[in-house]
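**Student:** The structure follows.
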Amino acid sequence: MKDSRGSQNLSSIVLQNLSQSLQWLTGTASAALDVISHRYHNGTYTLIQKFTESIQKAVESPVTGEEGREVMRLYEEITGQIDRQPKRC
């Protein structure tokens with residue numbers, strides 16, 4: 001909503017801010033409940049779980065050996081770069 005001067009009126013700005021705040025609050029509450037109820041798992045956890053299941057059930061792995069080696073190579077490269085950075089206080 002704009003007034004005659006072309007700027008947003010105060011009520012429109014307030015409503016937009018309240019809407020964003022409510023979205024952040026509900027998203028945060030939802031994520032917190034997922035963590036508390038042990039329903040939240042990051043991608044690495046899910047991938048390891050699926051890999052373990054593939055071994056136990058003798059089915060195809062979610063990633064190939066080559067893909068797994070590439071992920072580990074990148075992981076080691078990234079952590080190596082982090083380790084070489086000066087420590088901050």
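**Student:** Can you tell me the mean projection area, over all orientations, of the convex hull of the chain's alpha carbons? Units nm², please. Please list the in-between numbers first.
**Tutor:** Details: hull surface 50.5 nm².
One quarter of the hull surface, i.e. the mean projection, equals 12.6 nm².
**Student:** Something else about it: Loop-only GluC sites (Glu not before Pro) in the stretch 25-77, please: DSSP not H, G, I, E or B, and at most 14 other Cβ atoms within 10 Å. Working shown, then result.
**Tutor:** On the way: sites: GLU53, GLU60, GLU66, GLU67, GLU70, GLU76, GLU77; in loops: GLU60.
In loop regions of the stretch 25-77 (DSSP not H, G, I, E or B), the sparsely surrounded GluC sites (Glu not before Pro) are GLU60.
**Student:** Could you put VAL14, VAL63 in order, starting from the residue whose Cβ has the fewest other Cβ atoms within 10 Å? List each step's numbers first, then the result.
**Tutor:** On the way: VAL14 10, VAL63 15.
Ascending number of Cβ neighbours within 10 Å: VAL14, VAL63.
**Student:** In addition: Grab the DSSP H runs of the chain that are 4 residues or longer, score each as -39,500 (n - 2.57), total them, divide by all residues and round the 222 nm result to the nearest 500 deg cm²/dmol.
**Tutor:** Per the formula, -23500 deg cm²/dmol.
**Student:** List the trypsin sites (Lys or Arg not before Pro) in the stretch 32-89 that DSSP assigns to loop (not H, G, I, E or B) and whose Cβ has at most 14 other Cβ atoms within 10 Å. Which are they?
**Tutor:** Working: sites: ARG39, LYS50, LYS57, ARG69, ARG73, ARG84, LYS87, ARG88; in loops: ARG39, LYS57, LYS87, ARG88.
Taking the stretch 32-89 and a limit of 14 other Cβ atoms within 10 Å, the loop trypsin sites (Lys or Arg not before Pro) found are ARG39, LYS57, LYS87, ARG88.
Quick note: the coordinates plus some simple rules give every number you see, no bench work behind them. If you're wondering where the values come from, they're calculated on a predicted model, not measured in any experiment. Neighbour counts are summed over all protein chains in view; Cβ atoms, including those assigned to glycine, are modelled from backbone coordinates with ideal geometry.
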